[in-house]
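One structure is given here, and the rest of the page talks about it.
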Amino acid sequence: MPEISRFFGIVIRMYYDDHDPPHLHAEYQGNKVKVDFGGNVLRGALDSRTALKLVREWIDLHAEELLEDWNLARAGVPLEKIRPLE
């Protein structure tokens, strides 16, 4: 699963040929969560509310780029890295 961003110990990944709805996978300190591009948790949990808040903030900032990467993943081509939160 390609890593598309990393910030504050949070790793963001996206699977190739994954199913709808468009979403990403975030991992923080061994906890994993699947989140759609609206910031809704689809499965899993992060033990840190702050980490989930940062993931949601990052999604808001990069929604267009995430959709572009989602389409690339569905096409089976390399994904673009997305800038981390700073």
What 222 nm value per residue comes from the helices of the chain, counting each DSSP H run with n ≥ 4 as -39,500 (n - 2.57) and dividing by all residues, nearest 500 deg cm²/dmol? -9500 deg cm²/dmol
Report, in debye and to the nearest 20, how large the dipole of the stretch 3-75 comes out about its Cα centre when Lys and Arg carry +1 and Asp and Glu carry -1 on their Cβ. 380 debye
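Could you tell me the convex hull volume per residue, in Å³, taken over the Cα atoms of the stretch 1-67?
Once divided by residue count, the hull of the stretch 1-67 is 80 Å³.
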Order of Tyr28, Tyr15 under a 10 Å beta carbon neighbour criterion, fewest first: Tyr15, Tyr28
Taking loop as defined by DSSP and a crowding limit of 14 other beta carbons within 10 Å, which trypsin sites (Lys or Arg not before Pro) in the stretch 1-83 fit? Lys81
Run the reach check for Lys81 against aspartates and glutamates, Cα to Cα strictly under 20 Å, same-chain hits fewer than 8 apart removed. What comes back? Glu3, Asp17, Asp18, Glu27, Asp36, Glu57, Asp60, Glu64, Glu65, Glu68, Asp69
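Coordinate-derived values only; no laboratory data. This structure is a prediction, so every number in the text was calculated from the model and none was measured. Every residue, glycine among them, receives a Cβ derived from its backbone with ideal geometry; neighbour counts consider all protein chains shown.
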